[in-house]
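A.B. asks: For reference, the structure I am asking about is given below.
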Amino acid sequence: MDEDLDSLAQRYALRRNIKLGERLGFGIRGTVFAAEDNTKPGFFAVKFHREERPFERECRVYQCLREEQTTRILGFNVPQLLSIDEEFRAIEMTIAVETPGTTAVGFHAL
C-alpha cells in the first residue's frame, strides 16, 4: 500500500466532497478507487498517479478518446472521461461495465 498516494486520494476526496470506495486496481503508475459523489447517484472511478509524466500521457489519451467520441474498442467498453485534476494528478472516469457475451482477455497495468 502506498501511504503517500492514499493520503493524496483522501485529501482529494475531502476537497471534492466525494466518498472513496473499494480499490479497483493499482500498479506501478498509480491506484484506482471506486467513488461516489455525495450529490449525485451512482459510482465512478478515480485514478491517482504517482508521477507527472504518466499522468499527462493518460490525460491526453482520454482527451483524444473524448474528442473522437470513442465508447468501444475491439468490442470492449471504454471508460469515459469525467474530469481531470492536475494538482492531485487525478482522473475521474466512468466505470466501464463488461458487455454481455464478452470476456476481458487482458488488462492495462496502472
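The values are calculated or read from the model by the stated rules, or taken from the named source; none is laboratory data. Everything quoted here is computed from the prediction, not taken from an experiment. For neighbour counting, all protein chains shown are included, and Cβ atoms are generated from backbone atoms with ideal geometry for every residue, glycine included.
A.B. asks: With Thr94, Thr31, Thr99, Thr103 as the choices, which residue is modelled with pLDDT under 95 and touching a strand residue (DSSP E or B) at 6+ places or on another chain (Cβ under 9 Å)?
C.D. replies: Of Thr94, Thr31, Thr99, Thr103, the one residue that is modelled with pLDDT under 95 and touching a strand residue (DSSP E or B) at 6+ places or on another chain (Cβ under 9 Å) is Thr99.
A.B. asks: Starting from segment 77-93, keep only residues that are crowded, with 19+ Cβ neighbours inside 10 Å, then list their pairs with residues that are at pLDDT below 95 whose Cβ atoms are within a distance under 6 Å, requiring at least 6 positions of separation or different chains.
C.D. replies: Here the result reads Pro79/Ala96, each pair linking segment 77-93 to a residue that is at pLDDT below 95.
A.B. asks: Being within 16 Å of Leu24 (Cβ to Cβ), outside any strand (DSSP E or B) and within 11 Å of the chain's Cα centre (by Cα) is the filter here, so list the residues in segment 34-61 that pass it.
C.D. replies: Scanning segment 34-61 gives a single hit, Glu58.
A.B. asks: How about segment 67-101: which of its residues are under 14 Å from the mean Cα position of the chain (by Cα) and not in a strand (DSSP E or B)?
C.D. replies: Val78, Pro79, Gln80, Glu86, Phe88, Arg89, Thr94, Ile95, Ala96, Val97
A.B. asks: Let me ask something else about it. Output the residues belonging to segment 34-71 that are touching a residue at least 12 places away in the same chain (Cβ under 8 Å) and loosely packed, with under 11 Cβ neighbours inside 10 Å.
C.D. replies: Asn38, Thr39, Glu52
A.B. asks: Which residues, taken from segment 12-33, are outside any strand (DSSP E or B) and either among the aliphatic types (A, V, I, L, M) or farther than 16 Å from Glu92 by Cβ (or both)? Can you show your working first?
C.D. replies: Kept after step one, since they are outside any strand (DSSP E or B), are these residues of segment 12-33: 12-17, 27-29.
Once the filter is applied, which keeps residues that are outside any strand (DSSP E or B) and either among the aliphatic types (A, V, I, L, M) or farther than 16 Å from Glu92 by Cβ (or both), segment 12-33 yields Ala13, Leu14, Gly27, Ile28, Arg29.
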